[in-house]
Amino acid sequence: MAEAAWCPRLRDSVIVQTDGGTLLFLCLADRTVKRFACDPFVEDVVRLLDGTRSIDEIGALACGDDPEAGQRVAEVVQILAEERLLSRTRDAEREFRLLGEERAGFYDRQLRLFQDFCDEGLSQETSGVGLQRRVDGATAVVCGVGGIGGWVALALAVAGVGRIRLCDFDRVERSNLTRQVVFGAGDVGAPKVTAAAARLREANPYVEVETFDRRIGGAGDLEDVVAGADVVVSAADLPTPNDVAGWVSQACWPRVPHIMGTGYAYHIGVLGTSIVPGQTACWACVRAETFADHGRDGMETVVGKREKAGAMGALCGLVGNILAWEAIRLIAGLPPALGGRWSEVDFWPLEIRSRAVPRRPGCPTCGA
């Protein structure tokens, strides 16, 4: 588009204030403040950056008949663009309506957030609608629809992930109801995948839900579940979280990104890691890095893990929603946050602790 026809617009997440001869741009997205010395002309130009006027039109309003007005406006706009203070779309509302009035209304707040990601340069997309369409067209798999997986599945559904596959063999128990958000009292005794699917469809009529009422006993049990998926979240814990994670990774490798969020008990939530084939360490590298923690590889168990562990819905939700956010990032093509490291959240001080997990040069899975 020719510069004269460009209609620049400030980002919606930017607030502008004046302090004498200084303009302050308050960036709500990252809580930064950018300061510029300015004259009244610059202040007038900034007031007119609403996406409805071209650079020449802004110049005419701010400077009258000054023949150099357009050039002066262009210089101001260029600086603001370089500082990422301008939106990459002229009319966000019009872009949103390309989804249709009903869908645009349903996803309104999310579209605005996606638009700001685009404006920040976090995506190659210029419009939040582009990111939403990526989400709409994606397939996500959640293995284990319990205290973690239920929150993951619900968050993905309301975000609009087009197809969600749920895999679990268990039935709803009364003790599940305080932490497993997709079930109600009337679901006790029902297959978890059936009850969860009904809840997701109720939460968002625009998503498709597929169910696999199946106990996972090996990677072969997941071949049809992960086929064609864009992301898989491992949240099952039977027979053990590590067993399931290994099978999930084997079934996904080398095509499907997978998130190994292995669970939560007491006041530690395991966010785990994101594995993106060809980019991050694989599950074998992660296990090699973490298996010997505290010298456990040489220890003999005297008292093993209890059958039941302390848990709470609010804390399950914290872990599950972080994992869902990571899945949405992978689907939308945004940079993952958990890749290349192992992370846990300690709920007591509310701290996330991470350690780097590099790809091993000699790893038979991802080393090449």
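Can you tell me the FRET efficiency between Arg214 and Arg174 if r is taken as the Cβ-Cβ distance and R0 is 22 Å, rounded to the nearest 0.05? Present the calculation step by step, with values, prior to reporting the outcome.
Details: r = 23 Å, r/R0 = 1.06.
Step by step, r from the Cβ atoms, then E = 0.40.
Kirkwood Rh and Cα-based Rg: tell me the resulting Rg over Rh for the range 34-74, rounded to two decimals. Write out the running numbers ahead of the final one.
Numbers: Rg = 9.9 Å, Rh = 10.3 Å.
Checking Rg against Rh, the ratio lands at 0.96.
The apolar share of the surface of the range 309-364, taken as the fraction of accessible area on carbon and sulfur atoms (1.4 Å probe, ligands and nucleic acids excluded), comes to 62 percent. If the Kirkwood radius is taken over C-alpha pairs of the range 1-99, then at 37 °C and 0.692 mPa s the Stokes-Einstein diffusion coefficient equals 235 µm²/s. Reducing the range 17-66 and the range 155-223 to their Cα centroids gives an inter-centroid distance of 50 Å. Applied to the range 60-75, the Karplus parametrisation 6.51 cos²θ - 1.76 cosθ + 1.60 on θ = phi - 60° returns per-residue 3J(HN,Hα) values of 5, 6, 7, 10, x, 8, 4, x, 9, 4, x, 5, 5, 5, 4, 5 Hz, with x for Gly and Pro. For the range 155-229, the ratio of Cα radius of gyration to the globular rule of thumb 2.2 N^0.38 Å stands at 1.13.
A cut-off of 5 Å between modelled amide H atoms, ignoring neighbours fewer than 5 places along the same chain, links Arg341 with Ser274, Val357.
Free of any chymotrypsin sites (Phe, Trp or Tyr not before Pro) that DSSP assigns to a loop and that have at most 12 other C-beta atoms within 10 Å, the longest stretch within the chain is 1-265. A simple rule links phi to the HN-Hα coupling: the Karplus curve 6.51 cos²θ - 1.76 cosθ + 1.60 with θ = phi - 60°, which for the range 48-58 gives 9, 8, 10, x, 9, 10, 6, 4, 5, 5, 5 Hz, with x for Gly and Pro.
Given 0.36 nm per residue, what is the gain on full extension from Phe347 to Asp30 after removing their alpha carbon distance, in nm? The Phe347-Asp30 span can extend by a further 111.7 nm. Remark: the range 337-348, residue by residue, has Karplus-estimated 3J(HN,Hα) of 9, 9, x, x, 7, 10, 10, 9, 10, 9, 5, 5 Hz, where x stands for each Gly or Pro and the curve is 6.51 cos²θ - 1.76 cosθ + 1.60 at θ = phi - 60°. Spacing of the modelled spin labels on Asp50 and Thr22, each 7 Å from Cα toward Cβ, amounts to 2.8 nm. Note on Ser354 and Glu43: the extension gain reaches 107.5 nm, defined as 0.36 nm multiplied by sequence separation minus the Cα-Cα distance.
Work out the FRET efficiency for Glu101 and Glu223 from their Cβ-Cβ distance, taking R0 = 51 Å, and round it to the nearest 0.05. Provide the component values of the computation, followed by the final result.
Numbers: r = 40 Å, r/R0 = 0.79.
Efficiency computed from Cβ-Cβ geometry: 0.80.
Per residue, the accessible area of the chain comes to 49 Å², computed with a 1.4 Å probe over protein heavy atoms only. Any chance you could tell me what percent of the C-alpha pair distances in the chain go past 28 Å? Value for the chain (Cα pairs over 28 Å): 53 percent. The convex hull built on the alpha-carbon positions of the range 131-283 has an orientation-averaged projected area of 8.7 nm². Based solely on its DSSP helices, what 222 nm [θ] is calculated for the chain when runs of n ≥ 4 H residues each add -39,500 (n - 2.57) and the sum is averaged over all residues, nearest 500 deg cm²/dmol? Rounded to the nearest 500, the figure is -10500 deg cm²/dmol.
A DSSP coil position with no more than 13 other Cβ atoms inside 10 Å describes the following trypsin sites (Lys or Arg not before Pro) in the range 15-86: Arg31.
The values are calculated or read from the model by the stated rules, or taken from the named source; none is laboratory data. Predicted, not measured: the structure shown is a model, and the values here were computed from it. With ideal geometry, Cβ positions are generated from the backbone for all residues, glycine too; neighbour counts draw on all protein chains shown. Ligands, DNA and RNA are stripped out before the accessible areas are found, and what is left, the full protein with its side chains, is counted by its heavy atoms. Shrake-Rupley method; radii C 1.70, N 1.55, O 1.52, S 1.80 Å.
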